[in-house]
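Engineer: My questions will all concern the structure given below.
The values are calculated or read from the model by the stated rules, or taken from the named source; none is laboratory data. Computed from a predicted model, the values in this text were never measured in an experiment. Note that we place each Cβ from the backbone using ideal geometry, even for glycine, and neighbour counts take in every protein chain shown.
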Amino acid sequence: MRPGGHAPGRTAGTQRDQGPRRRAKRSFRMADGRRRGAAWRVGIYLVTLWAVVTVVFFLPRVMPGDPLTAIREANSPLNSEDRAILEAHYNLDQPLLTQYGLYLSGLARRDMGLTIGGGAPVGQLIWNRLPWTLLLMGTSLAVSSAIGFAAGVSAAWRRGGRVDRRLLTVMTVLHAVPEYVLATALLLLFVVRVPLFPSAGAATPFTQSYGQLYKLADVGYHLVLPATALTLGLLGTKFRLVRNTTISVLGQNYMVAARAKGVPERLLKRRHAGRNVLLPFLTVVGLQVAFAAGGSMFVETVFQYPGMASLMLPAIENLDFPLMEACFVMLAILVLTANLIVDLTYARLDPRVRTE
Amino acid sequence: MTPLDDLSVAANSSTGTRTRSLGWVGLVIIATLVVLALLAPWIRRYRPETISWDFLQGPSWRHPLGTNRIGQDLASQMIEGARSSLLVAVLAGGGTVVIGASVGLIAGWRRGWVDLVVMRVVDVFLATPRWPLLILIGLYAGRDLLVVAAVIALLFWPGPARTLRSQVLSLRRRAHLKAAVGFGAGTVHMLRRHIVPEVGLILVAQFLSAMGRAIMLEAGLAFMGIGDPSRTSWGSIMRDAGDYSGLIYSNAYLWWMVPPMLAIIFTLLALTFVGMAVEQRINPRLARHHTGRA
C-alpha cells in the first residue's frame with residue numbers, strides 16, 4: 001500500500017510503528033462492526049463473486065428445461081442427431097462439473113461463449129448493451145447523490161421547519177414508490193398526457209449524418225425520463241440517511257465548540273457537519289449500486305431502453321444459458337466492484353478508521 | 001424504493017403526534033385491504049379471470065373500475081391483486097423475519113465462531129445484487145406465489161439478522177442480564193424471558209418493512225412477466241395494461257393502469273406509516289422536537 005491521503009504520518013505498513021505517532025494500516029468495517037484490512041475485503045469480494053457465478057451457473061442447469069428444448073418448441077422439432085451435434089457444440093453433453101470447469105476457465109480468459117439462440121458471441125452482445133445501463137445507472141446515482149446530500153443537510157439544519165417538513169413528506173412518499181411504478185407514472189404523464197419526451201429507445205435511429213453535438217443532445221433527451229425515474233427511486237433512502245446522520249452530528253460537542261468560537265454558519269455546515277456526514281453517505285451510495293442495478297432493469301423495461309434488461313429478460317425466457325449467465329455475472333461484477341471501491345476509498349477518506 | 005434494513009424510519013419524524021396519527025391512517029388502510037381480501041368471494045360480482053364481451057369499458061355501475069381488453073372486470077382483479085399482495089407480504093415478510101431473527105439471535109447470543117461464520121455469510125448476501133438474483137431464482141424455482149415468497153425470504157433474511165444480532169450484543173451487556181446469567185439462567189430461559197420481549201417491537205418494525213419489500217418485489221416480478229401466471233396481481237394488471245398497444249390512445253389507462261399503481265403506492269405508504277409509529281414507540285427520543293440547532 002502506498003502512502004497517501006491528507007492525514008499526516010500515513011505510511012501504511014503491515015506492522016505497527018513504535019514511534020511517538022502511531023502509524024496504522026487502513027482497515028474496513030464489516031457487517032458486524034469489526035474492522036479488517038484491505039486484503040480481507042478483497043477476499044470477501046472474490047468469494048462473493050465466486051458464489052454468484054456458481055449459483056448462476058448451477059441453478060438453471062439443475063432445473064427442468066434446457067435451451068435446446070426451448071428452441072425446438074419455438075420453431076421446428078429438432079431431431080436427435082441435430083440435437084446431439086448442438087449439445088456437443090455447446091458442451092451441454094458433458095457432465096455438469098466439466099461444464100462448470102469449462103465455464104470458469106472461459107470466464108478467466110474473458111470468453112463468455114456463444115449464445116445458443118443464434119450463436120453470436122456473448123461478449124459482443126454485452127459490450128453493446130452494457131454502456132447504456134452504465135449511463136443510466138451512473139447518471140441516476142450521481143444526480144440522486146447530489147440532490148439527496150444537499151437536501152438532507154439542509155433539512156436537518158432547519159429541523160422541524162417548513163423546508164424540513166415538506167422535504168420529509170415528499171421523500172417518505174418517494175421512498176414508498178417502486179421504480180417501475182415511478183417509471184410508468186412518468187411515461188403516462190410526460191409521454192402520453194403531455195408528449196414532451198420520446199417513449200422508447202436511447203437515441204433516434206438513422207442520425208449518422210448528423211453532428212456529434214446533435215447526437216449527444218439526442219442521447220441526453222432520451223435519457224431524461226428513465227434517469228428521472230431511477231433518480232427518484234434512489235433519492236428517498238439517501239435523503240433520510242443524510243438527514244438522520246446530520247441531526248446526530250449537529251448534537252456533537254465539537255459542533256457546539258465550533259459555534260461557540262464563532263465559526264461562520266456556512267463553514268460550520270460545510271466543513272464541520274458536511275464532512276462528517278459524507279462517510280456514512282458513501283457507504284449507502286455503495287450499497288445503492290445494487291439497488292440501482294435492479295431498479296435499472298425495471299426502468300429499462302418500461303422505457304424499452306436498450307440496456308442489459310433487453311438482453312437478460314429474453315435470454316431468461318429462452319433459457320439461453322451462456323447469455324443469461326453472462327448478464328448476471330456482469331451485473332454482479334458491476335455491483336461488487338462498486339462496493340469494493342467504496343470500501344477501499346472509505347479508509348482513505350476517514351483518517352479515524354484504522355486498526356487499533 | 002430502497003429499503004435499507006438498518007436505517008431507522010422513525011428518525012424521520014419531526015413530531016410525535018403526527019407520526020402517531022399517520023400510523024393509525026396506515027393501519028386503517030391495511031385493515032381495509034385485509035377485509036377486502038378476506039371477503040373477496042362475497043364482495044366481487046365477477047370472478048377475476050372470467051372474460052366477457054364487455055371489453056374496454058369505462059367505469060360503470062356494472063363494472064366499477066371498468067373492464068380490460070378481454071372483458072375482465074377490473075374491480076374484481078384489483079381485489080384479487082390485494083389477496084396476492086397480502087399473501088406474499090405475510091409469507092415472505094414472516095419468513096424473512098423468522099429466519100433473520102433466529103439467525104441474529106443465535107449469532108448474537110453464542111458469539112464466537114458461530115457469529116463469525118454467520119456474519120461472513122451476511123456480508124456476502126449484502127454485497128450481492130439480489131434483485132437480478134431474485135428474477136433468476138424465482139424463474140427457475142417455479143413461478144408459484146408460495147415459491148416466490150420463499151425465495152424472497154431466503155434472499156432477504158440477512159438484513160433483520162444483522163439488526164437483531166447487534167441488539168442482542170448490546171442487550172447482553174446490561175447488568176440485569178449479566179446477573180441472570182450469573183445466577184445460572186440457561187440459554188432458553190434468557191432468550192425467552194429477557195431477549196425476545198426486549199426486541200419484540202423491533203421484530204414488528206422489521207416485519208413491516210419486510211412486508212413492504214415483499215409486496216414491491218412480487219408486483220415487480222409480475223410486472224416483468226415472471227410472476228405466478230395463475231394469479232392476478234397488481235403487477236400483472238399493470239403488465240396487461242402496458243402490453244395493450246391501444247392503451248394510450250384512449251382514456252383506458254385511467255381505470256386500467258392507474259388503479260394498480262395507486263394500490264401499490266398506498267399499500268407501501270401505509271406500511272411505512274405504521275412502521276414509523278412502531279419505531280417511535282421503540283425509541284421516543286428520535287421523535288422529540290428539537291428547537292435548538294446544536
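Engineer: Give A:LEU313, A:LEU349 a once-over and let me know the one that is at pLDDT below 85, closer than 18 Å to A:TRP132 by Cβ and of a type in the set (A, V, I, L, M, F, W, C). Before you say what the answer is, go through the steps one by one.
Structural biologist: Numbers: A:LEU349 fails: closer than 18 Å to A:TRP132 by Cβ.
Checking each option against the conditions leaves just A:LEU313.
Engineer: On to the next question. Across the range B:223-240, what is the number of residues that are at the interface with chain A (Cβ under 10 Å from one of its Cβ atoms) and surrounded by 24 or more Cβ atoms within 10 Å (Cβ to Cβ)?
Structural biologist: Adding up the residues that qualify gives 4.
Engineer: Working only within the range A:234-279, note down all residues that are out of contact with any Phe, Trp or Tyr (no Cβ under 9 Å at 6 or more places or on another chain) and among the β-branched types (Val, Ile, Thr).
Structural biologist: Matches in the range A:234-279: A:ILE247, A:VAL249, A:VAL256, A:VAL263.
Engineer: I'd like the full set of residues that are part of a loop (DSSP other than H, G, I, E, B) and of a type in the set (Lys, Arg), limited to the range B:168-193.
Structural biologist: Of the range B:168-193, the ones part of a loop (DSSP other than H, G, I, E, B) are B:172-174, B:183-186.
B:ARG172, B:ARG173, B:ARG174 - these are the residues of the range B:168-193 that are part of a loop (DSSP other than H, G, I, E, B) and of a type in the set (Lys, Arg).
Engineer: Now, a different point. Which of the helices (runs of 4 or more DSSP H) found entirely inside the range B:109-167 contain at least 3 residues meeting this: facing another protein chain (nearest Cβ under 9 Å)?
Structural biologist: B:112-127, B:130-140
Engineer: Moving to a separate point now. Taking B:ALA107 as the residue in question, decide whether it is farther than 30 Å from A:LEU319 by Cβ, touching a helix residue (DSSP H, G or I) at 6+ places or on another chain (Cβ under 8 Å) and surrounded by 17 or more Cβ atoms within 10 Å (Cβ to Cβ).
Structural biologist: Yes; evaluated as a whole, the condition is true for this residue.
Engineer: Within the range A:298-313, which residues are within 21 Å of B:ASP240 (Cα to Cα) and either touching a helix residue (DSSP H, G or I) at 6+ places or on another chain (Cβ under 6 Å) or away from chain B (no Cβ under 11 Å) (or both)?
Structural biologist: A:PHE298, A:VAL299, A:GLU300, A:THR301, A:VAL302, A:PHE303, A:TYR305, A:ALA309, A:SER310, A:MET312
Engineer: In the range A:251-269, how many residues are facing chain B (nearest Cβ under 9 Å), at pLDDT 85 or above and closer than 29 Å to A:GLY286 by Cα?
Structural biologist: Summing the residues that are facing chain B (nearest Cβ under 9 Å), at pLDDT 85 or above and closer than 29 Å to A:GLY286 by Cα in the range A:251-269 gives 1.
Engineer: For the range A:314-328, which positions are more than 10 Å from chain B (Cβ to nearest Cβ) and either in contact with a Lys or Arg (Cβ under 9 Å, 6 or more places away or on another chain) or more than 29 Å from A:PHE190 (Cβ to Cβ) (or both)? Even if it seems obvious, please write down each step before you answer.
Structural biologist: Taking the range A:314-328 and keeping what is more than 10 Å from chain B (Cβ to nearest Cβ), we get A:314-315, A:318, A:320-323, A:326.
Hits for the range A:314-328 are A:ALA315, A:ASN318, A:ASP320, A:PHE321, A:PRO322, A:LEU323, A:ALA326.
Engineer: Answer yes if at least one residue in the range A:173-195 is more than 12 Å from chain B (Cβ to nearest Cβ) and under 30 Å from A:LEU268 (Cα atoms), and no otherwise.
Structural biologist: No: the range A:173-195 contains no residue that is more than 12 Å from chain B (Cβ to nearest Cβ) and under 30 Å from A:LEU268 (Cα atoms).
Engineer: Can you find a residue that is surrounded by fewer than 18 Cβ atoms within 10 Å (Cβ to Cβ) and under 27 Å from B:LEU221 (Cα atoms) anywhere in the range A:212-230?
Structural biologist: Let us first name the residues in the range A:212-230 that are surrounded by fewer than 18 Cβ atoms within 10 Å (Cβ to Cβ), namely A:212-221, A:224.
Filter once more, keeping what is under 27 Å from B:LEU221 (Cα atoms): A:224.
Yes.
Engineer: Answer yes if at least one residue in the range A:91-101 is among the hydroxyl-bearing types (Ser, Thr, Tyr), modelled with pLDDT of 75 or more and more than 24 Å from the chain's Cα centre (by Cα), and no otherwise.
Structural biologist: Taking every residue of the range A:91-101 in turn, at least one turns out to be among the hydroxyl-bearing types (Ser, Thr, Tyr), modelled with pLDDT of 75 or more and more than 24 Å from the chain's Cα centre (by Cα).
Engineer: Take B:ALA263 and decide whether it is touching a Gly at 6+ places or on another chain (Cβ under 9 Å) and assigned to a helix (DSSP H, G or I).
Structural biologist: Yes.
Engineer: Could you tell me how many of the residues in the range A:155-166 are aliphatic (A, V, I, L, M) and within 10 Å of another protein chain (Cβ to nearest Cβ)?
Structural biologist: So the count comes out to 2.
Engineer: Here's something else I'd like to know. So how many residues does the range B:205-252 have that are assigned to a loop (DSSP other than H, G, I, E, B) and farther than 18 Å from A:VAL177 by Cα?
Structural biologist: Here the count works out to 13.
Engineer: With (1) closer than 19 Å to A:LEU59 by Cβ; (2) over 21 Å from the mean Cα position of the chain (by Cα); (3) surrounded by fewer than 16 Cβ atoms within 10 Å (Cβ to Cβ) as the list, and B:VAL124 as the residue in question, which single condition is left unmet?
Structural biologist: (3)
Results for (1) within 21 Å of A:PRO198 (Cα to Cα); (2) more than 23 Å from the chain's Cα centre (by Cα); (3) outside any helix (DSSP H, G or I); (4) more than 9 Å from every other protein chain (Cβ to nearest Cβ), shown as yes or no for each residue.
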position: A:TYR214; (1), (2), (3), (4): yes, yes, no, yes
position: A:ASP218; (1), (2), (3), (4): yes, yes, no, yes
position: A:TYR221; (1), (2), (3), (4): yes, no, no, yes
position: A:VAL224; (1), (2), (3), (4): yes, no, no, yes
position: A:LEU232; (1), (2), (3), (4): yes, no, no, yes
position: A:GLY236; (1), (2), (3), (4): no, no, no, no
position: A:SER248; (1), (2), (3), (4): no, yes, no, no
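Engineer: How many residues does the range A:50-79 hold that are over 20 Å from B:LEU133 (Cβ atoms) and modelled with pLDDT of 70 or more?
Structural biologist: 0
Engineer: Can you tell me which residue is farthest from A:CYS327 (Cα to Cα) among those in the range A:103-131 that are touching a Gly at 6+ places or on another chain (Cβ under 9 Å), surrounded by 11 or more Cβ atoms within 10 Å (Cβ to Cβ) and free of Cβ contacts under 8 Å to residues at least 60 places away in the same chain?
Structural biologist: A:GLY106
Engineer: Now for a different question. Search the range A:263-291 for residues that are more than 15 Å from A:ALA146 (Cβ to Cβ) and pair each with any residue that is not hydrophobic (A, V, I, L, M, F, W, C) when their beta-carbon atoms are under 6 Å apart and the residues are at least 6 apart or on different chains.
Structural biologist: Listed by first residue and then by second, the contacts come to A:ALA273/A:THR246; A:LEU279/A:ASP350; A:PRO280/A:THR245; A:GLY286/A:ASN339; A:ALA290/B:PRO129; A:PHE291/B:THR2.
Engineer: Select from the range A:211-241 the residues that are among the β-branched types (Val, Ile, Thr) and modelled with pLDDT under 90 and list them in ascending order.
Structural biologist: Residues satisfying the conditions are A:VAL219, A:THR237.
Engineer: Would the range B:174-193 turn up any residue that is surrounded by 14 or more Cβ atoms within 10 Å (Cβ to Cβ), within 14 Å of another protein chain (Cβ to nearest Cβ) and either over 18 Å from B:ILE99 (Cα atoms) or among the aromatic types (Phe, Trp, Tyr) (or both)?
Structural biologist: no
Engineer: Any idea which of (1) outside any helix (DSSP H, G or I); (2) crowded, with 17+ Cβ neighbours inside 10 Å is the one A:THR204 doesn't satisfy?
Structural biologist: Failing condition for A:THR204: (2).
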